[in-house]
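Peer 1: I'd like to ask you about the structure that follows.
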Amino acid sequence: MMWGMTRDIRITEKIKTIRFFSQSHKEYVAKVLERIVEFYGDQLVSLAVFGSYARAENRLNSDLDILLILKTNKPRHERIREFVENIEMPLEFLAHRLIDEGIFMELSPIILSEEEAKYFNPVYLDMVEHSIIIVDRGDFIRNILERVREQMGKWGSYKEFVGGRWMWVIKKGEFVGGEKLG
């Protein structure tokens, strides 16, 4: 039991910068992350929160963007099914409590294999500036994000506010999709 309590404390500490609208909201996010850590165990290489929750700009209807990197060869649809059945559905009662409070939060996981994660993914652009890393065995995602940061400098990347949203602009024509980062 002590191991679980220690993990709860660490997760609670790591998510302290997130804006929560109620104690139930905080409990749900912590339980989702804890359940991911418990369910995937040694298969979990990296787990991070990104997007509006990582920037503390989330609203009552913001999705919780989560990146999971797994040691797996399962096809993408199997990974999503597994997530829904083992993470999302068992915590559905907590999600309904949030709806009763006017918090309409959906889980929005990106679940990559280790090999897939080694290739450039557009979410990495935002994660370079704003991400909350919960688990990172061997600094896997930290190393990827550092490599992206270096590449962004080479590409002349910058953020521009367009149509009420921040967009990344890559100035140089050097970027080729699918570039291996790790």
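Every number here is computed from the coordinates shown, using simple stated rules; none is lab data. Because the structure is a prediction, the values reported are computed rather than measured. We place every Cβ from the backbone using ideal geometry, glycine too, and count neighbours over all the protein chains shown.
Peer 1: Put +1 on the Cβ of each Lys and Arg and -1 on the Cβ of each Asp and Glu in the chain; which of T72, S157, A95 then has its Cα farthest toward the positive end of the dipole?
Peer 2: The residue sitting most towards the positive pole is S157.
Peer 1: Also, I was wondering about something else. Per DSSP H run of n ≥ 4, the term is -39500 (n - 2.57); total these for the chain, divide by its residue number, and report the mean residue ellipticity at 222 nm rounded to 500 deg cm²/dmol. Don't skip to the end; give the middle numbers.
Peer 2: Values: 7 runs with 75 residues, N = 182.
Only helices count here, giving -12500 deg cm²/dmol.
Peer 1: Go ahead and run the numbers for FRET between R59 and K154, Cβ-Cβ distance against an R0 of 35 Å, rounding to 0.05. Don't skip to the answer; put the middle values down first.
Peer 2: On the way: r = 35 Å, r/R0 = 0.99.
Plugging the Cβ-Cβ distance into 1/(1 + (r/R0)^6) gives 0.50.
Peer 1: Further, regarding this structure: Evaluate the relative contact order of the chain (contact order divided by residue number), counting alpha-carbon pairs under 8 angstrom at least 6 apart; express in whole percent. Don't jump to the answer; show the numbers that get you there.
Peer 2: Working: 240 pairs, mean separation 43.2, N = 182.
Relative contact order comes out at 24 percent.
Peer 1: Within 15 Å, Cβ to Cβ, of D100, how many net charges do the neighbouring residues add up to if Lys/Arg are +1 and Asp/Glu are -1? Provide the component values of the computation, followed by the final result.
Peer 2: Values: positive: R97; negative: E27, E92, E101.
So the surrounding residues net to -2.
Peer 1: Out of residues 5 or more away from Y119 or on other chains, whose amide H comes under 5 Å of its own, with H placed 1.01 Å from N in the peptide plane?
Peer 2: Result for Y119 returns L181.
Peer 1: Enumerate the whole-percent occupancy of each 5 Å bin, from 0 to the last occupied one, for all C-alpha pair distances of the chain.
Peer 2: All Cα pairs considered, the percentages come to 1, 7, 16, 19, 19, 16, 11, 6, 2, 1, 0.
Peer 1: Non-local amide H neighbours of V135 (under 5 Å, H modeled in plane, Pro and chain starts lacking H): which ones?
Peer 2: Sorted by chain and number, the residues that satisfy this are L47.
Peer 1: Would you list which lysines come within 27 Å of K180, measuring only between C-alpha atoms, while excluding same-chain residues fewer than 8 positions from it?
Peer 2: Candidates past the 8-residue exclusion: K71, K74, K118, K154, K159, K171, K172.
Peer 1: Mind ordering 120-126, 151-157 by average Cβ neighbours within 10 Å, highest first? Write down the numbers at each step before the final one.
Peer 2: Numbers: 120-126: 17.1, 151-157: 14.9.
Result, highest mean Cβ count within 10 Å first: 120-126, 151-157.
Peer 1: Need the list of lysines near K26 for cross-linking: C-alpha distance under 28 angstrom, and skip anything on the same chain fewer than eight residues off.
Peer 2: K14, K16
Peer 1: Moving to a separate point now. Could you derive backbone 3J(HN,Hα) for region 54-63 from the dihedral phi with the Karplus parameters 6.51, -1.76 and 1.60 (θ = phi - 60°), listing whole Hz in sequence and x where the residue is Gly or Pro?
Peer 2: Residue by residue, region 54-63 yields 5, 8, 6, 10, 5, 10, 4, 10, 6, 6 Hz.
Peer 1: If amide H atoms are built 1.01 Å from N in the plane of the peptide, which residues on other chains or at least 5 residues away come under 5 Å of the amide H of I103?
Peer 2: Counting only residues 5 or more places away or on other chains, the set is empty.
Peer 1: Subtracting the Cα-Cα distance from 0.36 nm times the residue separation, let me have the gained length for E106 to S22 in nm, one decimal.
Peer 2: Numbers: separation 84, 0.36 × 84 = 30.24 nm, distance 1.59 nm.
Between E106 and S22, full extension yields an extra 28.7 nm.
Peer 1: Related question: For a quick protection proxy, order the peptides 162-169, 86-93 by their average other-Cβ count within 10 Å, most packed first.
Peer 2: On the way: 162-169: 9.2, 86-93: 13.8.
Listed from highest to lowest mean packing, they are 86-93, 162-169.
Peer 1: For region 27-75, take the convex hull of the Cα atoms, compute a quarter of its surface area, and give me that in nm², please.
Peer 2: On the way: hull surface 16.3 nm².
Average of the hull's projected areas for region 27-75 equals 4.1 nm².
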